[in-house]
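Colleague: Input: one structure, supplied below.
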Amino acid sequence: MDFRITEDRAALVDSVRDYLAGVHGVERLRALDADGSARSDELRQGLTEMGLRGLLVPEAQGGLGLSLVDAALIAVELGRAAVAEPLVDGAFVAVPLLIAAGGQEALLGAIATGDAQVALQHPVNGWVADFDGATHLIADRDGRLLLDAASARGVALDSVDPLRRLNAPVAAKGDDIGASDALLDHAALFAAAQGVGLAEAMLAQATDYAKVRTQFGQPIGSFQAVKHHLASAAVAIEFARPLLLRAALALEQGLASAPVHVSHAKLAAADLAWSVGEAAIQVHGAMGYTYEVDLHFWMKRAWALAGAWGDRAFHLARIDAAVIGGSLPIGPAHSFA
Amino acid sequence: MELAYTPEQQAFRAEVRAWMAANVPARPLVTLEREEGYHQHVAWERRLAEGNWGMVTWPEAYGGRGLDLIQWLIFEEEYYRAQAPLRVNQNGIFLLGPTIMEYGTDEQKARFLTPMAKGEVIWAQAWSEPNAGSDMAAIKTRAVRDGDHYVISGQKTWSSRASFADWGFGLFRTDPESKRHKGLSFILFDLNTPGITRRPIRQFHGDPGFAELFFDEVRVPVENRIAAEGEGWNVAMATAGFERGLMLRSPARFQAAAARLVALFREHQDRASPAAREQVLAAWMGAQAYAYNTYAVASKIMAGGHIGAEASLNKIFWSELDRAMHRTAMQLLGATAELRQLAGDRANDWLEGYIFSLAGPIYAGSNEIQRNIIAERLLGLPR
């Protein structure tokens, strides 16, 4: 029993954080928004060169062969930097499904090199993200996974999040590559991870602002009403992070209880990012309500991810079935049931 | 990261479970806030000590088993699973004990820790004064040096366990010229020393849970001071960290309450509101989150890490979780919630628990103070 992140793992996560801070700062976010491109070739290439597209791809297919825990921690960093690049859907979610399906070595190799990009469709998820640029679509139909070329694209949709690119779902078709159980759980796990990163970023932005904005002759961060908003956010973050690690490891190890842990993490992270966003805009005051202050990019992503890959009601119902329904052992001797 | 127990840890769990099954009293004890219940709880402490369960993380030389924090968490899980009584000596074993372990001399360790682990000496805390609550640095009670004694005069209040306990610990002003955090010393005293008057305070629930303590030229040997004279504030802050942090409220307590709440919901679900259903799930989710976080902190400490201001995050989380889950239970009970006895002559534990939970956000440093600590020390906001 050891709940620590190993040093190797922490070093990898730090390197991704540093890289994203360098190439994907707010200036870049604003530029991608202003020119309408929403995607950056430099970032796309950089993530591939860092090996992140092949993070979960087996070494035999040119990947790093790392685990869902590593990917979840990196997804936290993607959330922190508000990256919308299709790394999560196309590599972190799709790769374990393709590995489980078997016989997809060529596609796995192409994902690692960035030559293939997979988009995802599931009835519980509303929309298909990043259909533009996708070479393949994995879609759930009646609990089966169908793999197809991404050809017939659904109608384009306009998200409040200026960096999300969405299409309506299409009629699912293609080769049946196996049962679909894992798709939703993997995708929900990474949505949760991004939620934690979004929340941490918004707390940091609001804290920085509270240190420099002065009113009544002193920084507003010296006032208890402001301090307490931010302290409550810090408490909520502290207790959401371990849920993510718990869910990632449970899914990695294929525990029967993994879906409940994923739902717990997803629900908690979505609530977290949503409420920390509200606290952050309150601390920013009227400045927070402007397009000029960057907070809105993070808040909009938080709303989008809260509804994606199972909304609040969906995940609460899964927890309900396990906890009140009685399929999950609960109580003090079941911390890790 | 490894979230599974070793065979040794599983064997330890089985050992605790078997002992608890054979020894936990079949009938719940009377509340430890009443004299009768206090003595029942002291007897339970001694029974625990006979099984060598007094404080499993302490060295064997001081009545412990020399176990690590993961084993402590397992012990606590089995303790609450067995619905064993509350620890009447929690001020000693969870707060003062770790403080003496860190700051005490070898002589003090030998003198105080073993009787504490064995339940032979029950401890009260004596922090607050009438004008020093959240603002603890405003302490006025004086301890004036006279040869090899301090002479203590003044008043303490909200002193948990002091109505019936044997010894107390607290902060006293040893430098009469000093102000605020300086000039305070951490001193232990026998509550039966001449010159100490205890006046029990009737609490919200009607029982005398805490007491006022009046000190009228009370002579206390200098060797009862922990750490150097004038260093009391730092020592007290370490104690407060233990209190808010890992030890005082182990996750098992809330996991047990959440499981009971789920059972209560199943009994009442025909007439429960959808909101109550969600609150019940929130209770389970909160207790699990608290457990994971505690395992994470324990793992960090075992690898040589420390907790400082992070303890404030903990204290806010468990105290607000505890209040919320007991309020949910009260709402599920509906008209029955106000009754002190339930059918079958059972005490209404949810009512008692709810009343107790109201104190959580206040004691051990109010949650407002905790939020200030988080904002200033963890987030770096200006004072």
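Colleague: Only one of these is within 13 Å of chain B (Cβ to nearest Cβ), among the aliphatic types (A, V, I, L, M) and within 21 Å of the chain's Cα centre (by Cα): A:Ile324, A:Ile319, A:Ile330. Name it.
Modeller: Matching residue, one of A:Ile324, A:Ile319, A:Ile330: A:Ile319.
Colleague: Name the single residue that is surrounded by the most Cβ atoms within 10 Å (Cβ to Cβ) among those in segment A:265-275 being over 11 Å from the mean Cα position of the chain (by Cα) and within 13 Å of another protein chain (Cβ to nearest Cβ).
Modeller: A:Ala265
Colleague: Further question: Do you know which residues across segment A:7-35 are within 14 Å of chain B (Cβ to nearest Cβ) and surrounded by 13 or more Cβ atoms within 10 Å (Cβ to Cβ)?
Modeller: Correct list: A:Arg9, A:Leu12, A:Val13.
Colleague: B:Tyr79 fails exactly one of the following numbered conditions: (1) touching a residue at least 60 places away in the same chain (Cβ under 8 Å); (2) surrounded by fewer than 21 Cβ atoms within 10 Å (Cβ to Cβ); (3) closer than 28 Å to B:Thr6 by Cα. What is the number of that condition?
Modeller: (2)
Colleague: Here's another thing I want to ask about it. Mind checking which residues of segment A:321-337 are crowded, with 17+ Cβ neighbours inside 10 Å and assigned to a helix (DSSP H, G or I)?
Modeller: A:Ala322, A:Val323
Colleague: Output the number of residues of segment A:299-313 satisfying the condition of being within 12 Å of the chain's Cα centre (by Cα) and at positive phi.
Modeller: 1
Colleague: Then there is this: Quick one: which residue in B:Asn224, B:Asn192 is open to solvent by less than 30 Å² (accessible area, probe 1.4 Å), over 19 Å from the mean Cα position of the chain (by Cα) and among the polar types (S, T, N, Q)?
Modeller: B:Asn224
Colleague: Also, I was wondering about something else. Scan segment A:36-45 for residues that are open to solvent by less than 60 Å² (accessible area, probe 1.4 Å) and within 20 Å of the chain's Cα centre (by Cα) and jot them down.
Modeller: A:Ala38, A:Arg39, A:Ser40, A:Leu43
Condition check ((1) surrounded by 21 or more Cβ atoms within 10 Å (Cβ to Cβ); (2) more than 22 Å from B:Phe210 (Cβ to Cβ); (3) not assigned by TED's automatic domain parsing to the domain that holds B:Trp350) across all residues:
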| site | (1), (2), (3) |
| --- | --- |
| B:Glu35 | no, no, yes |
| B:Asn52 | no, yes, yes |
| B:Leu69 | no, yes, yes |
| B:Ile74 | yes, yes, yes |
| B:Gln83 | no, yes, yes |
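Colleague: On to the next question. Any residue at all in segment B:101-111 that's in contact (Cβ under 8 Å) with a residue 40 or more places away in the chain and buried (at least 24 other Cβ atoms within 10 Å of the Cβ)?
Modeller: no
Colleague: Can I ask one more? Can you name every residue in segment B:169-184 that is in contact with a Lys or Arg (Cβ under 8 Å, 6 or more places away or on another chain) and either open to solvent by less than 30 Å² (accessible area, probe 1.4 Å) or on the phi > 0 side of the Ramachandran plot (or both)?
Modeller: B:Gly170, B:Phe172, B:Arg173, B:Thr174, B:Gly183, B:Leu184
Colleague: When B:Tyr354 is evaluated against the numbered criteria (1) more than 22 Å from B:Gln83 (Cα to Cα); (2) part of a helix (DSSP H, G or I); (3) of a type in the set (Phe, Trp, Tyr), which criterion, by number, is the only one it fails?
Modeller: Going through the list (1) more than 22 Å from B:Gln83 (Cα to Cα); (2) part of a helix (DSSP H, G or I); (3) of a type in the set (Phe, Trp, Tyr), B:Tyr354 breaks only (1).
Colleague: Any idea which residue in segment B:360-383 is farthest from the other protein chains (Cβ to nearest Cβ), counting only those that are touching a residue at least 40 places away in the same chain (Cβ under 8 Å) and among the hydrophobic types (A, V, I, L, M, F, W, C)?
Modeller: B:Ala364
Colleague: What number of residues within segment B:208-221 satisfy the criterion of being assigned to a loop (DSSP other than H, G, I, E, B) and surrounded by fewer than 20 Cβ atoms within 10 Å (Cβ to Cβ)?
Modeller: Qualifying residue count, segment B:208-221: 1.
Colleague: Of A:Gly154, A:Gly195, A:Gly217, which residue is touching a residue at least 60 places away in the same chain (Cβ under 8 Å) and not aliphatic (A, V, I, L, M)?
Modeller: Within the list A:Gly154, A:Gly195, A:Gly217, the selection yields A:Gly195.
Colleague: Which of (1) open to solvent by less than 60 Å² (accessible area, probe 1.4 Å); (2) within 12 Å of chain A (Cβ to nearest Cβ) does B:Pro274 not meet, given it meets every other one?
Modeller: Among (1) open to solvent by less than 60 Å² (accessible area, probe 1.4 Å); (2) within 12 Å of chain A (Cβ to nearest Cβ), B:Pro274 violates only (1).
Colleague: Within segment B:1-87, which helices (runs of 4 or more DSSP H) (wholly inside it) include 3 or more residues that are more than 14 Å from chain A (Cβ to nearest Cβ) and at pLDDT 95 or above?
Modeller: It comes to B:7-23, B:35-50.
Colleague: Please tell me if B:Leu264 is touching a helix residue (DSSP H, G or I) at 6+ places or on another chain (Cβ under 9 Å) and at pLDDT below 95.
Modeller: No: the conditions fail for B:Leu264.
Colleague: Further, regarding this structure: Evaluate segment B:280-291: report whether one residue or more is more than 8 Å from chain A (Cβ to nearest Cβ) and open to solvent by 60 Å² or more (accessible area, probe 1.4 Å).
Modeller: Within segment B:280-291 (the criterion being more than 8 Å from chain A (Cβ to nearest Cβ) and open to solvent by 60 Å² or more (accessible area, probe 1.4 Å)), the answer is no, since none of the residues qualifies.
Colleague: Out of segment A:52-96, which residues are small (Gly, Ala, Ser), open to solvent by 10 Å² or more (accessible area, probe 1.4 Å), under 18 Å from the mean Cα position of the chain (by Cα) and under 18 Å from A:Leu108 (Cβ atoms)?
Modeller: Passing the criteria: only A:Ser67.
Colleague: While we're looking at this one, here's another question. When you go through A:Val276, A:Val283, A:Val293 one by one, which is the residue that is modelled with pLDDT under 95 and either part of a helix (DSSP H, G or I) or touching a helix residue (DSSP H, G or I) at 6+ places or on another chain (Cβ under 7 Å) (or both)?
Modeller: Sole residue among the options that is modelled with pLDDT under 95 and either part of a helix (DSSP H, G or I) or touching a helix residue (DSSP H, G or I) at 6+ places or on another chain (Cβ under 7 Å) (or both): A:Val293.
Colleague: Among the listed residues B:Lys300, B:Lys315, identify the single one that is open to solvent by 10 Å² or more (accessible area, probe 1.4 Å), among the basic types (Lys, Arg) and either facing chain A (nearest Cβ under 8 Å) or closer than 30 Å to B:Glu376 by Cβ (or both).
Modeller: One residue alone meets the criteria, B:Lys300.
Colleague: Shifting gears a bit: Scanning for something more than 14 Å from every other protein chain (Cβ to nearest Cβ) and part of a loop (DSSP other than H, G, I, E, B), does segment B:324-342 turn up at least one residue?
Modeller: The answer is yes; a qualifying residue exists.
Colleague: Separate question: Given the criterion open to solvent by less than 40 Å² (accessible area, probe 1.4 Å), farther than 23 Å from B:Val30 by Cα and among the β-branched types (Val, Ile, Thr), identify the matching residue among B:Ile201, B:Ile187.
Modeller: Checking each option against the conditions leaves just B:Ile187.
Colleague: Can you tell me how many residues within segment B:277-311 are within 28 Å of B:Gly380 (Cβ to Cβ), without any contact (Cβ under 8 Å) to a residue 40 or more places away in the chain and of a type in the set (A, V, I, L, M, F, W, C)?
Modeller: So the answer is 3.
The values are calculated or read from the model by the stated rules, or taken from the named source; none is laboratory data. Nothing here was measured: the structure is a model prediction, and the numbers come from that model. Counting neighbours? That spans all protein chains shown, and the Cβs are built from the backbone with ideal geometry, glycine included. Ligands, DNA and RNA are excluded from the accessible area calculation, which covers all protein heavy atoms including side chains. Shrake-Rupley method; radii C 1.70, N 1.55, O 1.52, S 1.80 Å.
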